[in-house]
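For reference, the structure is listed below as structure tokens.
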Amino acid sequence: MSGPAGMGTVDPAGDVRLTSVAATLRGGPWRAARDAARAAGARPLPVERVELAAAAGRTLAEPLAALTDLPAFDTSAMDGWAVAGPGPWRLSGRVLAGQPCAPLADGAAVEIATGAQLPPGATGVLRREHGVLTERPDGAVQVRGAVVPGQDVRPRGQECGRGEELLPAGLPVTPAVLGLAAAAGHDRLAVHRRPTVELLVLGDELLVAGLPGPGRVRDALGPLLPPWLAGAGAELLGGRHVRDDFGLLRDAIRHSPADLVLTTGGTAAGPVDFLHAALEATGGHPLVDGVAVRPGHPMLLAALPGGRHLVGLPGNPLAAVAGTVTLALPLLHALSGRAAPAAGPVEPLAAALPGHPVDTRLHPVRRTAAGLAPLPHDGPAMLRGLARAEALAVVPPGGLAAGEYAEVLALPAA
């Protein structure tokens, strides 16, 4: 589990009560809510040293240093001939990648493949397309062409030297990072443990299969959220539906082993919205209770006993996505040890984006030659706009005019 969110005491009923936690941010600004979510995970999860394949998607817990020079020896950058001294050169032999090579005397040449070790004494590499082969009267083959010292050679240590820091701690382990680590001689990487997540989808009205009917709707968040969470570096312990029942929800929260309990629905004050009461009953403490953002205003972040956390997402799908990027992802990234990002990139708008008078808006957009284009179907319960979107534009209160720049939040590509 994650580090403790506060000290706790045990009440007469046996529940742990948090006694030392941060104050609750109620209806605060969107950016302040994101900062609070990141602060809640200020103590990253423990460090594990794992094989490269198991490190994918995790976060570097220490800087990545080169265990060898890269390249580790002088190599040929092209197919052709390694030559020594002035030409023409007498051709003899071949050097392929992975093969040992003998020293090359002045006036000699050897056929060489891209990536092969450059023979000691070689001046450079004459590309195959730039060289001319001729046969001497004695039957020997000569190579002619123009070569300057170091031509088409990747010298030892060109990319980095042994012991050089290649990447800082706090970066996610992408496929490119795995490739660099392997090239630099690593078999294992020090990474933070993945934060575990349990998804609780709340609501008697939800269907998991078939067509919607009177009073019944399909659960869209059960399929939508797990791949997004996995892409953020989390390990999903499972997902399940919980009926609109206070006791069932209370027990599901109390007994969850996950670092993060992620719920959908029940965050408002309706007749079956039991999340606040269930938090109180399980000894939880709200850290963020409502955010000045549209859609998704009634989202929730809470500290739970045992160093766990809960993020309550609104039940409407696009509102839940807003809650995910506002609270869940910053918390997961912090628990994973990822470095705090600067504000997102900004891009120009192809059209105006109206704003809310006082709240931040998150609007689905696509990139066009003219800039970011807002997409229709952006209501809290809609996903059609999001399904076509490449990003969410952050629209400050009052809106943005065409040509102005908007901060963008990335969406999962696949």
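Just so you know, all these numbers are worked out from the coordinates, no wet-lab data involved. Predicted model only: the values in this text are computed from it and were never measured. Because the Cβ atoms are built from the backbone with ideal geometry, glycine has one as well, and the counts that use them run over all protein chains shown.
Of Thr264, Thr324, the sequence from fewest to most neighbouring Cβ atoms within 10 angstrom is Thr324, Thr264. Based on the Stokes-Einstein relation at 10 °C and a viscosity of 1.306 mPa s, and on the Kirkwood radius from alpha carbon pairs, region 106-256 is assigned a translational diffusion coefficient of 70 µm²/s.
Remark: region 233-241, residue by residue, has Karplus-estimated 3J(HN,Hα) of x, 8, 10, 7, 6, x, x, 8, 8 Hz, where x stands for each Gly or Pro and the curve is 6.51 cos²θ - 1.76 cosθ + 1.60 at θ = phi - 60°. Relative contact order for region 75-154: 38 percent, from Cα pairs under 8 Å spaced at least 6 residues apart, divided by residue count. Annotation for region 131-204 versus region 307-354: alpha-carbon center distance of 33 Å.
The mean sequence separation of alpha-carbon pairs under 8 Å and at least six residues apart, normalised by the residue count of the chain, gives a relative contact order of 19 percent. The shape of region 346-410 comes out oblate: with a ≥ b ≥ c from the C-alpha gyration tensor, a/c is at least 1.5 while a/b does not beat b/c. Overall, the chain carries a charge dipole of about 200 debye about its Cα centre when +1 sits on the Cβ of Lys and Arg and -1 on the Cβ of Asp and Glu, all other atoms neutral.
The phi torsions of region 87-95, fed into the Karplus equation with coefficients 6.51, -1.76 and 1.60 and a -60° offset, translate into couplings of x, x, 10, 7, 8, 7, x, 8, 10 Hz, rounded to whole numbers, with Gly and Pro shown as x.
Fewest neighbouring Cβ atoms within 10 Å first, the residues Ile253, Ile112 line up as Ile253, Ile112.
The string of couplings for region 63-73 from the Karplus curve (6.51, -1.76, 1.60, θ = phi - 60°) is x, 8, 10, 6, 8, 7, 5, 10, x, 7, 7 Hz, one whole number per residue in order, with x for Gly and Pro. State whether region 243-360 is rounded, prolate or oblate according to the following rule on the C-alpha gyration tensor (a ≥ b ≥ c being the square roots of its eigenvalues): a/c under 1.5 gives rounded; otherwise a/b larger than b/c gives prolate, and the remaining case gives oblate. Here region 243-360 falls in the oblate category.
Across the options Leu67, Ser92, Gly80, the greatest Cα extent toward the positive end of the charge dipole of region 34-112 (unit charges at beta carbon of Lys, Arg, Asp, Glu) belongs to Leu67. Over all projection directions, the Cα-based convex hull of the chain averages an area of 27.4 nm².
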